[in-house]
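Engineer: This is the structure, below, for whatever I ask next.
The values are calculated or read from the model by the stated rules, or taken from the named source; none is laboratory data. Everything quoted here is computed from the prediction, not taken from an experiment. In this analysis, Cβ positions are derived from the backbone assuming ideal geometry, glycine residues included, and neighbour counts consider all displayed protein chains.
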Amino acid sequence: MKEEKQINPIEQILDENNLDNIVLYNEQDEPFEFEQIAIIPLENGDKQDLYAILLPLTPLSGIEEDEALVFEVNERENVIRVCADDEIIDRVMTEYERLLDESEVK
């Protein structure tokens with residue numbers, strides 16, 4: 001999926017005050033709307049990679065209605081891509097669950 005049309009989705013995702021849905025466009029310039037669930041940073045050696053968990057609000061082929069997707073957020077290239085690496089997806093979801101558990105304890 002490509003980045004923004006009018007509103008930069010990376011800026012939207014990183015804006016902690018943003019409550020609007022995120023609209024991403026595929027290669028055919030078709031819009032897809034997502035609800036932002038979480039931003040998850042993961043340590044990767046000496047750098048930190050950023051991932052977004054987004055829930056599709058636009059039906060997507062092969063994706064269940066309540067199934068969220070993990071996206072890689074690349075600020076340097078100003079691109080958001082669906083993450084296809086199962087190991088990274090597992091790490092992102094594990095960290096998300098850990099953060100959820102941590103917030104419930106407080």
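Engineer: Please go through segment 72-106 and pick out each residue that is touching a residue at least 60 places away in the same chain (Cβ under 8 Å) and in a strand (DSSP E or B).
Structural biologist: Across segment 72-106, the qualifying residues are 73, 79, 80, 81, 82.
Engineer: Restricting attention to segment 31-47, which residues are at pLDDT below 90 and either assigned to a loop (DSSP other than H, G, I, E, B) or within 15 Å of the chain's Cα centre (by Cα) (or both)?
Structural biologist: The answer is 45, 46.
Engineer: Identify, please: which residue in segment 71-93 is on the phi < 0 side of the Ramachandran plot and either of a type in the set (Ser, Thr, Tyr) or in contact with a helix residue (DSSP H, G or I) (Cβ under 7 Å, 6 or more places away or on another chain) (or both) and is, among those, surrounded by the fewest Cβ atoms within 10 Å (Cβ to Cβ)?
Structural biologist: Out of the qualifying residues, it is 75.
Engineer: Please find, within segment 37-70, the residue that is nearest to residue 84 (Cα to Cα) out of those that are surrounded by 14 or more Cβ atoms within 10 Å (Cβ to Cβ) and in contact with a Leu (Cβ under 6 Å, 6 or more places away or on another chain).
Structural biologist: 69
Engineer: Just checking, does segment 73-80 include any residue being under 18 Å from residue 23 (Cβ atoms), touching a Phe, Trp or Tyr at 6+ places or on another chain (Cβ under 8 Å) and not basic (Lys, Arg)?
Structural biologist: Looking for residues that are under 18 Å from residue 23 (Cβ atoms), touching a Phe, Trp or Tyr at 6+ places or on another chain (Cβ under 8 Å) and not basic (Lys, Arg), one finds at least one in segment 73-80, hence yes.
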